[in-house]
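To start, the structure itself, in structure tokens.
The numbers here are math on the coordinates, done by the rules we state, and not lab data. A quick note: this is a predicted structure, and the numbers were derived from the prediction, not measured. Virtual Cβ from ideal backbone geometry, glycine too; neighbours counted across all protein chains shown.
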Amino acid sequence: MRCYRRWFGMAFGLVGLVMSPALSDEQAAPTAGETIVLKGKIFGPYTVNRANPDIGSTYELSGSGQIQPLGQSRGTGSFRTPGNVAVGHAEGTLTLTDQQGSVTLTLVGPDQRGLAPPPDHFTYTITGGTGTFQGAKGSGNVALEILLPGPTPRGGGPGPVLTFTLNFGPETGERIVLKGKIFGPYTVNRTNPDIGSTYELSGSGQIQPLGQSRGTGSFR
């Protein structure tokens, strides 16, 4: 059996060197009042204030990440979980800021029982914008992942950093366009030339709108 290990690269969409700050047509900033769709992830630390459990817990968020169509962005905001009620929902605000301006979102979670933990997703609505995004509008869903604290280290050392991830992804069934590169090793199996050669691929890279991704597969 002849088996070879080599390296491969795959490019999704148009890939090139950007020699000036000019944006491509697909990356062009929205005009005032245009509806925009947010895609990407914000990651960073959070703090929790549980001073009065009857009115719920307040989560303060501060992170950064790549958000289309803004680009590299800073996200700051907060939300409050349901208090001592039969049924309620978490709600809050989030502001995403980049070099061109900012957009402000309201966040509304699904119905939950009273004193429930944070929801796993919110519905967002763009309520304002500044700079290039002045007058921007839009709405969608954003997934929330909260990493709960672990045990406090022995000896009274600092506790773990609490982190969160907000994932602005495509709607269910929405058509998406993949752009980016996957790079990694491959092997070739030529055991039976009558049926062709099999190439096994395993690599990683940045793919929009997914982010850092792992790619595995094969072709003959």
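What FRET efficiency would be calculated for the residue pair residue 86, residue 163, taking the C-beta separation as r and a Förster radius of 45 Å, to the nearest 0.05? Before the final figure, lay out the partial values.
Working: r = 31 Å, r/R0 = 0.70.
With a Förster radius of 45 Å, E is 0.90.
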**OP:** Determine the gain in length on full extension of the stretch residue 143-residue 178; use 0.36 nm per residue of separation and subtract their C-alpha separation, reporting nm with one decimal.
**Re:** 10.6 nm
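At a Förster radius of 35 Å, what calculated FRET efficiency corresponds to the Cβ-Cβ distance of residue 50 and residue 100, to the nearest 0.05?
On the way: r = 37 Å, r/R0 = 1.05.
Plugging the Cβ-Cβ distance into 1/(1 + (r/R0)^6) gives 0.40.
When the chain is fully extended, how far beyond the present Cα-Cα distance does residue 120 get from residue 218, taking 0.36 nm per residue of separation? List each step's numbers first, then the result.
Working: separation 98, 0.36 × 98 = 35.28 nm, distance 3.43 nm.
Working it through step by step, the gained length comes to 31.9 nm.
Gain in length, residue 43 to residue 198, computed as 0.36 nm per residue apart minus the alpha-carbon separation, to one decimal in nm? Could you put the intermediate results ahead of the total?
On the way: separation 155, 0.36 × 155 = 55.80 nm, distance 3.90 nm.
Fully extending the segment from residue 43 to residue 198 adds 51.9 nm.
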